[in-house]
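Visitor: The following block contains the structure, expressed as structure tokens.
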Amino acid sequence: MAGRGARFGNRFKPFLPLGKERFIEAAVAPFIKWRENISSFVFVYLEEQDHQHNVAIELHKMFPNLPVRNVVLSNPTKGPAETVCLGIDGANVTGEVICCDCDHAIDIAPLLSGIERHRADAIVPVWPLDNAEVSSWSVVAIDRDDRVVDIEEKKLPLLPGEKAGAIGCTYFRDAAALRDRLISDRCENLSDALRLMIRDNSKVTAVRIEYAKFFGDPVRLERALIKTGRRLKENI
């Protein structure tokens with residue numbers, strides 16, 4: 001949640017409306033039915049955002065029955081990798097972790113099933129990719145055993161295999177190991193850590209998501225609102 005929302009005119013993206021709910025409510029909703037399996041929901045955002053939008057208070061109103069932990073950052077980060085590291089440190093996250101963006105809602109049942117089935121070091125939810133949309137995705141190459149053999153930011157990987165878009169809701173078996181890798185290898189994105197894990201022969205697996213709603217930029221938001229019977233101009 002600590003991004004600047006540049007694609008929405010620097011507005012606080014997690015609180016933007018999506019029909020009758022906000023972005024962050026839609027993003028969290030698929031997890032709620034599985035909350036018995038989740039020790040905590042960690043929200044990471046900036047101190048200035050909290051002052052401007054009463055983030056902690058609003059999150060409590062939206063999720064009064066969830067085990068919420070807030071990590072408030074004093075300064076903007078250099079990218080998603082640093083944000084994840086600070087979130088892990090600030091909330092003392094250990095063991096298994098799912099790092100999820102606030103601008104999509106996906107059916108996480110295949111992801112949770114994949115965690116049990118694959119016993120992987122990392123699991124990447126994937127979505128069918130239109131080549132015209134490559135510049136909007138991290139793109140993975142997947143072999144016949146559903147192993148991720150390569151990943152690139154906003155371009156097609158060179159290695160052979162099925163190409164798919166990586167959804168920003170990635171599972172890692174060991175939060176501490178993820179943090180250490182992100183720091184030691186000076187990663188900017190989580191895809192950088194995944195690429196290094198693949199290189200080191202860690203088990204990185206893909207799971208196919210059958211239902212998802214994306215609203216990370218105005219075009220995708222318009223599509224999502226049309227699907228819910230609402231128009232962008234009525235909400236933004």
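The values are calculated or read from the model by the stated rules, or taken from the named source; none is laboratory data. Since this is a predicted model, take the numbers as computed values, not measurements. A quick note on method: Cβ atoms are made from the backbone with ideal geometry, for glycine too, and the neighbour counts reach across all protein chains shown.
Visitor: Conditions first: (1) among the basic types (Lys, Arg); (2) modelled with pLDDT under 95; (3) surrounded by 15 or more Cβ atoms within 10 Å (Cβ to Cβ). Residue 231 passes all but one, so which condition is the exception?
Guide: (3)
Visitor: Which condition from (1) hydroxyl-bearing (Ser, Thr, Tyr); (2) under 28 Å from residue 29 (Cα atoms); (3) buried (at least 16 other Cβ atoms within 10 Å of the Cβ) is the one that residue 202 breaks?
Guide: Residue 202 satisfies every listed condition except (2).
Visitor: All but one of (1) touching a Leu at 6+ places or on another chain (Cβ under 7 Å); (2) surrounded by fewer than 21 Cβ atoms within 10 Å (Cβ to Cβ); (3) outside any helix (DSSP H, G or I) hold for residue 134; state the number of the condition that does not hold.
Guide: (3)
Visitor: Here's a follow-up. Is it the case that residue 206 is touching a helix residue (DSSP H, G or I) at 6+ places or on another chain (Cβ under 9 Å), assigned to a helix (DSSP H, G or I) and of a type in the set (Gly, Ala, Ser)? It would help to see each step written out before you state the result.
Guide: Details: touching a helix residue (DSSP H, G or I) at 6+ places or on another chain (Cβ under 9 Å): yes; assigned to a helix (DSSP H, G or I): no; of a type in the set (Gly, Ala, Ser): yes.
Answer is no for this residue.
Visitor: Another question about this same structure. Can residue 217 be described as surrounded by fewer than 19 Cβ atoms within 10 Å (Cβ to Cβ) and closer than 15 Å to residue 99 by Cβ? Break it down into steps so the answer makes sense when it comes.
Guide: Values: surrounded by fewer than 19 Cβ atoms within 10 Å (Cβ to Cβ): yes; closer than 15 Å to residue 99 by Cβ: no.
It is false that residue 217 is surrounded by fewer than 19 Cβ atoms within 10 Å (Cβ to Cβ) and closer than 15 Å to residue 99 by Cβ.
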